[in-house]
Structure formats: C-alpha cells, structure tokens
Amino acid sequence: MIRAEHINVSFKKENQTKLFGTERQQVLHDVSFHVKEGECLGILGESGSGKSTLGRVLCGLLKPDCGNVYLAGEPCYKGRRKRKTVLSVVFQDYTTSANPRFTVRGLIAEGLRAREKREGLSLDREKETDDLLCLVGLDGSYKDRLPHELSGGQLQRVCIARALAVNPSVILFDEAISSLDAHTQVQIMDLLKKVQKEKKLTYIFITHDLTSVTYLCSHVLFLYQGQAAEIRSVDTIGEAVHPYARKLLHAIFDVESMGQEEMSN
Ligand SMILES: Nc1ncnc2c1ncn2[C@@H]1O[C@H](COP(=O)(O)OP(=O)(O)OP(=O)(O)O)[C@@H](O)[C@H]1O
Ligand SMILES: [Mg+2]
C-alpha cells in the first residue's frame, strides 16, 4: 500500500559563517520500507531521529532530495497528478491543528468537502458527521462545540473523525496520542484498532513510545539517527538485534511488562 524507496533528506545548515554557505545537515539516510494494506507500521525513534521529517515526506509535504514514495503503486513525487489513494494525517498538537473558531461540525465539514470534491459527489453532511462522531465514540451533541469546550481526548477523537472524513486508505499519526494520559491513550488506541478493522485502513504510527507500538502496531521500524536501523514484525520485537533497538527494549522492559498487565486488566 505504501512503499518508501531510498529516501534521503537534508536541510541547509543554519548559522553558517559564509553568506552563501551550502553546508547541509543530512536528516534521513537512504530510508526504505513498505507497508502492506491493513498493516500498522510503528516508526519508533528518539527525539531528533527524523521521524516527523519522514512523516512529512510520506504525506507529500516534503520532497526528498532523492528517493520516492509510492502509494498503491503511484509515485508521490513525480509531476502533480491527482492521487487516487488518499493519506490523512493526525498530528500531536491537536489544539493548533484544529481551528479554534470552527465548531466540531465545521472541522469535520472540512474533510467532507475535500472528499466531495475528490469523489465528485454530494454527501448528506449532517448524517456523515453523526456517523463519524459515533465511530470515534462521541455523539451528535458535540457538533456545536468549539475546540476549547472539549477535553484533549475528545478533541483528538474529533481530529481522527476529521481525518476519516476524507475517506482515506492510509492514516499517518505523528505522536498523535503522546500528550494524552495513559488511560486515554489506551482508549484511543482501542478505537484506532476498531476503525482500522472496520474501514480496512493502513496506519503509520510515529512515536517515541515502545509500549504503544507493541499495543497497536503489526510492524516496527527503528529509526536511529535518520537511518532505518531495523524493521521487524512486532511479534518478534524481542529478537531485535540493532544496538539502539536493544537499548530501547532494555530501558523499557520493566515498564513494558507493567503496562501490558495494566492493559489486560
Ligand atoms: N525544516 C527544517 N529545517 C532545518 N532542519 C530541520 C527541519 N525540520 C527538521 N529539521 C531537523 O531535522 C532533524 C530531525 O527532526 P524531526 O522533527 O524529524 O525529528 P523527530 O524524530 O520528529 O523528533 P521529535 O521526537 O522531537 O518530534 C532535527 O535535527 C531537526 O532540527
Ligand atoms: Mg517529531
């Protein structure tokens, strides 16, 4: 469903002594991977390892220096053809990604309008909004609320409903649940699992939290200093061999086993 091939990204270095300095900082080094339909790939790495940069490349916001991304076989960075396969994004900072002057109805309408335009149809927006809110565990009574009248977890559910409104095949989550409390994180992850099954979605889940990867994802990519250090199925995560992966597993092992117990309770 999604294939990244030899992604390299560099940024111009700031604070260069020369006026027209051309020194560049390489942020992603030859990153390649693929995600099959219905899978969930966790991209795990420490702060500054290039996770969000890779996310921006995957969703078409940042052209890599070289390499390409293919969505259902279609290249993302070649001409400006309209893509048939749609990728939605949910960011960490739901408070700024939701326009504070829009009601929940207005926020979801943004996504529905995009879908109407792309698919050339006219939707019953009220019904679609009700259905989407129901899918994310909210009801129609939230439609007239403004973002500041919702809790963090509720607002993130609305952002997920908005991402679903465009009828995507892939959703990319960039630290989308990291700022929520542990209980709400589990609730949202359960919701994401349910929605993924119902809508046959493919997920890319960017995080620095190993526990949520083991809970939600089918595969994991360890991103270390801009390189895909290791990619493996979550079932065999314990057998990871890259030193960074091992370090992470060791550091989290105790908390991890506690977290799993809590989740199963
Ligand atoms: N637009 C940009 N211009 C210059 N440098 C950038 C730009 N975007 C990112 N970087 C640099 O690229 C590196 C990777 O940043 P990125 O945001 O991808 O990390 P991250 O893994 O998402 O970190 P975090 O977990 O803190 O979100 C950092 O050193 C950052 O300073
Ligand atoms: Mg980031």
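The values are calculated or read from the model by the stated rules, or taken from the named source; none is laboratory data. These numbers come from a predicted model, not from an experiment. Cβ sites come from the backbone with ideal geometry, for glycine too, and all protein chains shown count toward neighbours. Please note that ligands, DNA and RNA were not included when accessible areas were found on the heavy atoms of the full protein model with its side chains. Shrake-Rupley method; radii C 1.70, N 1.55, O 1.52, S 1.80 Å.
Multiplying each eigenvalue of the alpha-carbon gyration tensor of the chain by 5 and taking the square root yields semi-axes of 30, 25, 18 Å, largest first, rounded to whole angstroms.
Scanning the chain for trypsin sites (Lys or Arg not before Pro) that sit in a DSSP loop and have at most 15 other Cβ atoms within 10 Å, the longest stretch containing none of them is 102-199.
Most simply put, the chain has about 50% antiparallel DSSP beta bridges, counting only bridges with both residues inside it.
Where in the chain are the helices, taken as whole DSSP H runs, whose Cα atoms extend 20 angstrom or more along the long axis and whose Kyte-Doolittle mean reaches at least -1.0?
Span-like helices in the chain: 104-119, 182-199, 243-264.
Once both labels are positioned 7 Å from their Cα atoms along Cα-to-Cβ, the gap between ASN8 and ARG113 label points is 4.1 nm. Can you compute the FRET efficiency between ASP124 and HIS250 using 1/(1 + (r/R0)^6), with r the Cβ-Cβ distance and R0 = 45 Å? Round to the nearest 0.05. The formula returns an efficiency of 0.25 here.
In plain terms, if you count all Cα to Cα distances in the stretch 86-168 and split them into 5 Å steps from zero, the share in each step is 3, 17, 30, 27, 16, 6, 1 percent.
Counting only protein heavy atoms, what percent of the accessible surface of the chain is carbon or sulfur at a 1.4 Å probe? The nonpolar share, carbon plus sulfur, comes to 50 percent. If you take the charge dipole of the chain about its Cα centre, with +1 on Lys and Arg Cβ and -1 on Asp and Glu Cβ, which of VAL35, GLN25, GLY73 is farthest toward its positive end? Of the options given, the answer is GLY73. Per residue, the chain exposes an accessible area of 52 Å² to a 1.4 Å probe, with every protein chain left in place.
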